[in-house]
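As structure tokens, the structure follows; a few thoughts come after it.
The values are calculated or read from the model by the stated rules, or taken from the named source; none is laboratory data. Everything numeric here is computed off the predicted structure, so don't read it as measured data. Counting neighbours? That spans all protein chains shown, and the Cβs are built from the backbone with ideal geometry, glycine included. The protein model used for the area step is the full one, side chains on, heavy atoms only, and it has no ligands, DNA or RNA in it. Shrake-Rupley method; radii C 1.70, N 1.55, O 1.52, S 1.80 Å.
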Amino acid sequence: MSNAIREKKKIAIIPGDGIGKEVVPQALAVIEATGAPVEFTHLDWSADRYLADGTTVPPDGFAMLARDFDAIFVGALGDPRVASNIHAKEILLGMRFRMDLYANVRPVNLLDESLCPLKNAKDIDFVVIRENTEGAYMDMGGFFKKDTLDEVAVQEDINTRKGVERVIRFTFDYARQHGRKKVLMSDKSNVMSFAGGLWQRVFKLVAAEYPEIATQHMYVDALCLQMVREPQSLDVIVTNNMFGDIITDLAAALQGGLGMAASGNIHPGRTSMFEPVHGSAPPIAGKNIANPIGAILTAAMMLAHLGLNAEAAKIDAAVLAAVRHKKTTIDVGGSLGTKECTGWIAERVTNS
């Protein structure tokens, strides 16, 4: 079927701050090189907008995203001019919580052994699925006797049956749909017995519905050890918000750093959001040295989510070729700038 008669997917673009404003346009150029039937709408939600008029998210912003778009592509947020980082919190966390994007999906795929800090690393290909709307990130808690020697700070870790079950079920569905053979659930139930007990019980109940998929459990500290000692043994991991946040940064190091890492924030059947996981990196912004590959792989992930699998595959293949031929930025063994790296990948896509 030609692109001319395929319905265009509408994608909201939020470039963000710092290097986000550099790498997001590069990723969009690679999408365009595929010929994918997409339509971009750029939104100015950023530190610049916040500093100009105090707006983080317009009053109807999240409703508009959910109503008018098929997906959202977001760059890194964070700017030293906004010390509180309030705009980043209200945009990113607001999007996750207000739009109920409960599954954070983080693929971990080592494209070349030279990128991994581990000795003799190969065949690293697993996925971390992090619960994205509960846990310690719900901002529930408070202070007692603040700024005194008797101060008490309480941060609540909220886990609901609904929230735990749906992310675990999402994980098993993901494994089934992608031909994965094993799901590992990680917690700290030997210490956090109430939250961990809920995760343990629900994991066993849901797993029984997927008899073809092997299951495993590891405490999160043991999982960290396994990620360093034998990452090849991992397939699909599901865990809570806090542990997922921590282990995915460790996982990114296995594939060449945060500049290589993609992610999606998913609610099946609803408008979902995709973002490279690196920060806004103000010290290197505007210098044409930021690695665009994390953003480009995130773009491919978004296209696959939208059903544009052929276009996504072209991007993945071109990125793999760039890494193998060292047509990358300095941080992953190449000598190209941000734009030049993107240009090589886009040309490879065009000619594929």
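Taken across the stretch 281-299, residues that are farther than 21 Å from Thr328 by Cβ and in contact (Cβ under 8 Å) with a residue 24 or more places away in the chain do occur, with at least one present. In the stretch 206-218, the residues that are within 22 Å of Arg161 (Cβ to Cβ) form no Cβ pair under 8 Å with any partner that is in a helix (DSSP H, G or I) and at pLDDT below 95, whether six or more places apart or across chains.
In the set (1) crowded, with 24+ Cβ neighbours inside 10 Å; (2) closer than 30 Å to Gln200 by Cα, the condition left unmet by Arg229 is number (1). Within the stretch 250-259, if we keep just the residues that are assigned to a helix (DSSP H, G or I) and out of contact with any Leu (no Cβ under 7 Å at 6 or more places or on another chain), the residue that is nearest to Thr328 (Cα to Cα) turns out to be Gly259. For the stretch 113-140, taking the residues that are among the hydroxyl-bearing types (Ser, Thr, Tyr) and more than 22 Å from Gln255 (Cβ to Cβ), the one that is modelled with the highest pLDDT is identified as Thr133.
With a requirement of 2 or more residues that are charged (D, E, K, R), open to solvent by 50 Å² or more (accessible area, probe 1.4 Å) and in contact (Cβ under 8 Å) with a residue 24 or more places away in the chain, the strands (runs of 3 or more DSSP E) lying completely within the stretch 1-96 that satisfy it span 9-14.
Considering (1) open to solvent by 20 Å² or more (accessible area, probe 1.4 Å); (2) part of a strand (DSSP E or B); (3) β-branched (Val, Ile, Thr); (4) in contact with a Gly (Cβ under 8 Å, 6 or more places away or on another chain), the lone condition that Val105 does not fulfil carries the number (1). Taking Ser114 as the residue in question, decide whether it is in a helix (DSSP H, G or I) and polar (S, T, N, Q). Judged against the criteria, Ser114 is a match. The set of residues from the stretch 314-342 being free of Cβ contacts under 8 Å to residues at least 24 places away in the same chain, over 23 Å from Gly286 (Cα atoms) and either open to solvent by less than 70 Å² (accessible area, probe 1.4 Å) or more than 20 Å from the chain's Cα centre (by Cα) (or both) comprises just one member, His325.
Matching residues to (1) surrounded by 15 or more Cβ atoms within 10 Å (Cβ to Cβ); (2) closer than 21 Å to Met95 by Cβ:
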position: Glu165; (1), (2): yes, no
position: Val206; (1), (2): yes, no
position: Glu209; (1), (2): no, no
position: Ile213; (1), (2): yes, no
position: Asp221; (1), (2): no, no
position: Ser233; (1), (2): no, no
position: Val236; (1), (2): yes, no
position: His267; (1), (2): yes, yes
position: Arg270; (1), (2): no, yes
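For the stretch 279-302, a residue qualifies if it is open to solvent by 20 Å² or more (accessible area, probe 1.4 Å) and either over 12 Å from Val319 (Cβ atoms) or modelled with pLDDT under 95 (or both), and the qualifying residues are Gly279, Ala281, Pro282, Pro283, Ile284, Ala285, Gly286, Lys287, Asn288, Ile289. A search for C-beta distances below 9 Å between a residue of the stretch 234-251 that is farther than 14 Å from Phe126 by Cα and any residue that is outside any strand (DSSP E or B) and among the polar types (S, T, N, Q), counting only pairs 6+ apart in sequence or on different chains, returns Asn240/Asn159; Asn241/Asn132; Asn241/Thr133.
One residue stands out in the stretch 170-190 among those that are basic (Lys, Arg), in contact (Cβ under 8 Å) with a residue 40 or more places away in the chain and closer than 15 Å to Val236 by Cβ: the one that is surrounded by the most Cβ atoms within 10 Å (Cβ to Cβ), namely Arg180.
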